[in-house]
Amino acid sequence: MMADVYRRCACRKPDGKQFGVLPSKPTERQLAATCPQLISDSRHGSWSFYVRDSNTGTQYRKGGFKTRSEAVKARNELAGKLDKGTYKPPSKILYGDYLEAWFKRRQTTGKTFKATTVNNYSRYLANDLKPSALARMPISEIRRMHVQAFVDQLIADGRGATTIRRIVAVVQGSLRAAGKDNLNDHAPGVGLDLPQAERKEMEVWEPAQVGKFLDTAAQHRLGALFELAIFTGMRRGELLGLRWEDVNFADRSIQVRHNRTQAGHVIEETTPKTRSGRRTVELADNTSAALVAWKLTQEAEAKNWRESGAWHDTGYVFTYEDGTPLKPQYVTRLFDKLRLKARLPKMTFHGQRHEAASLMIASGEDLAIVSKVLGHSSYSITSDMYTHLVASAARNAAEKAAALVPRQAADLHIS
């Protein structure tokens, strides 16, 4: 292995030819051939290095270093990789071009993306990554500072912390794949300073408001859907993917096996994201009764539509009048319409899931059971999300426990 560092500049001789380089230990001939300013001014020019691989005879050169120590460090890193056989030649592929190829490959091989993820990633690529300076860089030259600069620009543009973290997840995933493809030999996507996403406390309705909403929803043919949402905590996609074969009226339970979601104009049906998402949910008497009443309503609708030959026997629990499955956006709009009719504070459809958790915790239900009912992948998720509700329920439990103990004095004072 042969290596050295040297200085060079862009100055030229009177005949137009460029001056020679100035090695670390120059000979008299090299001193005479180099730029006089390189000799007299240590800040003139820049440092470079070369390394010759004794096994292959290949020479590697790189310049533009401000100091000798920077050039020596880079030279030693390259020499070490050549010795270990881990060196990967710089790729000329631009990051933006690689992003597109990686994204297409991820959609067809390995652990493929869900439709909602494809939709989100497509927007991030088109609106944030492809127009960025990062996309115009050769992938082999991207360093952590370049990725951090991209993140800092997103922050300066006013993007939300959660959105930034999702965009960065795309960057990190693609750069990891680039490493596996031997296009870089480092990890520029790690150790980034990312904005913290503030966790907001879940705002839920009071029990009386829940009752008012359900009384209003009961006047609509799909009232049972909202009854199920609030008293089981099922996600929108789980409710819309529910089929009658998943309902066991004898045991008053349902099996959560399907997830019907919408990404843009595409509706996709998949299985729940995690093993804990595939679960059995027990039904309260009122919820089970509401579901029975809805089944009778749907059967009456099916009879009428069959007479005209327009009934679609899809097997879904919640459907339009002709039996076709509900579209997710329709259900969201319906929820908001009923909420406004009941004159209740703003809440999203997903808020009903938090409402279910709130009611269970307030009733004294163990948090581990709440976590299982909601289908969270871990107990810690439930604990972190509903800490404030648990504290309130714990205080109520403490008050009830204290009230059970008779005391001689009506008022006790601490002196």
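Percentage of Cα-Cα pair distances in the chain greater than 32 Å, rounded to whole percent? Please list the in-between numbers first.
Values: 50800 of 85905 pairs.
Value for the chain: 59 percent of Cα pairs lie more than 32 Å apart.
Once both axes come from the Cα atoms, what is the angle between helix 328-341 and the longest principal axis of the chain, in degrees from 0 to 90, rounded to 10?
It works out to around 60 degrees.
So what is the relative contact order of region 68-168, in percent, for Cα pairs below 8 Å that sit 6 or more residues apart?
Numbers: 52 pairs, mean separation 31.5, N = 101.
So the answer I get is 31 percent.
Which whole-Hz ³J(HN,Hα) couplings does region 221-237 yield from phi under the Karplus relation 6.51 cos²θ - 1.76 cosθ + 1.60, θ = phi - 60°, glycine and proline marked x?
Per residue, the Karplus-derived 3J(HN,Hα) values read 4, 9, x, 5, 4, 6, 4, 5, 4, 6, 9, 10, x, 5, 6, 4, x Hz.
Percent relative contact order of region 1-98, based on C-alpha pairs within less than 8 angstrom and at least six residues apart?
Values: 137 pairs, mean separation 25.5, N = 98.
Relative contact order here is 26 percent.
Give me log10 I(q)/I(0) at q = 0.09, 0.16, 0.21 Å⁻¹ for region 143-270, Debye formula, one equal scatterer per alpha-carbon, no solvent.
At q = 0.09, 0.16, 0.21 Å⁻¹ the computed log10 ratios are -0.53, -0.95, -1.17.
Which FRET efficiency value, to the nearest 0.05, do you get for Gln329 and Lys88 by plugging their Cβ-Cβ distance into 1/(1 + (r/R0)^6) with R0 = 41 Å? Numbers along the way, then the final one.
On the way: r = 47 Å, r/R0 = 1.14.
About 0.30, to the nearest 0.05.
Relative to the first principal axis of the alpha-carbon coordinates of the chain, what is the inclination of helix 144-156, with its axis defined by its Cα atoms, in degrees from 0 to 90 and to the nearest 10?
The answer is roughly 50 degrees.
Once the dipole of region 101-187 is set up with Lys and Arg at +1 and Asp and Glu at -1 on Cβ about the Cα centre, which of Val118, Gly179, Ala101 lies farthest towards its positive end?
Checking the options against the dipole of region 101-187, the answer is Val118.
What size of dipole, in debye to the nearest 20, comes out for region 87-233 about its Cα centre when the only charges are +1 on Lys and Arg C-beta atoms and -1 on Asp and Glu C-beta atoms? Write out the running numbers ahead of the final one.
Values: 21 positive and 15 negative charges, 145 e Å.
The calculation lands at about 700 debye.
For Cα pairs less than 8 Å apart in space and 6+ apart in sequence, what is the mean separation divided by the residue count of the chain, i.e. the relative contact order in percent?
Details: 525 pairs, mean separation 45.1, N = 415.
Dividing the mean separation by the residue count of the chain yields 11 percent.
Cα axis of helix 351-362 to longest principal axis of the chain: angle in degrees, 0 to 90, nearest 10?
70 degrees
Just to confirm, what accessible area per residue do you get for the chain at 1.4 Å probe, in whole Å²?
Each residue of the chain exposes 59 Å² on average to a 1.4 Å probe.
In debye, nearest 20, what is the charge dipole magnitude of the chain about its Cα centre with +1 on Lys and Arg Cβ and -1 on Asp and Glu Cβ, if you could check? Walk me through the numbers before you get to the answer.
Numbers: 63 positive and 44 negative charges, 465 e Å.
Charge dipole, the chain, about its Cα centre: 2240 debye, nearest 20.
Hey, could you pull the Cα Rg and Dmax for region 87-186, both in Å?
13.3, 39
Amide H of Leu326: which non-local residues (sequence gap of 5 or more, or other chain) have their own amide H closer than 5 Å, using H built in the peptide plane?
The answer is Tyr320.
Using a 1.4 Å probe on the protein heavy atoms, what percent of the accessible area of the chain belongs to carbon and sulfur? Write down the numbers at each step before the final one.
Values: 12420 of 24430 Å².
Ligands and nucleic acids excluded, carbon and sulfur give 51 percent.
Calculated from DSSP H runs of 4 or more alone, at -39500 (n - 2.57) each and per residue, what is the 222 nm mean residue ellipticity of the chain, nearest 500? It would help to have the intermediate numbers written out before the result.
Working: 16 runs with 190 residues, N = 415.
Result for the chain, helices only: -14000 deg cm²/dmol.
Tell me, what is a quarter of the convex hull surface for the C-alpha atoms of region 1-147, in nm² with one decimal? Don't skip to the end; give the middle numbers.
Numbers: hull surface 52.0 nm².
About 13.0 nm², averaged over all directions.
Kirkwood Rh over alpha-carbon pairs of region 188-341, then Stokes-Einstein at 20 °C and 1.002 mPa s: what D in µm² s⁻¹, rounded to an integer?
124 µm²/s
Provide the gained length on full extension for the span Asp336 to Thr67, in nm with one decimal, where the gain is 0.36 nm per separating residue minus the Cα-Cα distance.
Values: separation 269, 0.36 × 269 = 96.84 nm, distance 6.42 nm.
Taking Asp336 through Thr67 to full extension adds about 90.4 nm, to one decimal.
The values are calculated or read from the model by the stated rules, or taken from the named source; none is laboratory data. Source: prediction; values computed, not measured. Every residue, glycine as well, gets a Cβ built from its backbone with ideal geometry; the counts of neighbours run over all protein chains shown. Remember, those area values only see protein heavy atoms, side chains included, never the ligands or the DNA or RNA. Shrake-Rupley method; radii C 1.70, N 1.55, O 1.52, S 1.80 Å.
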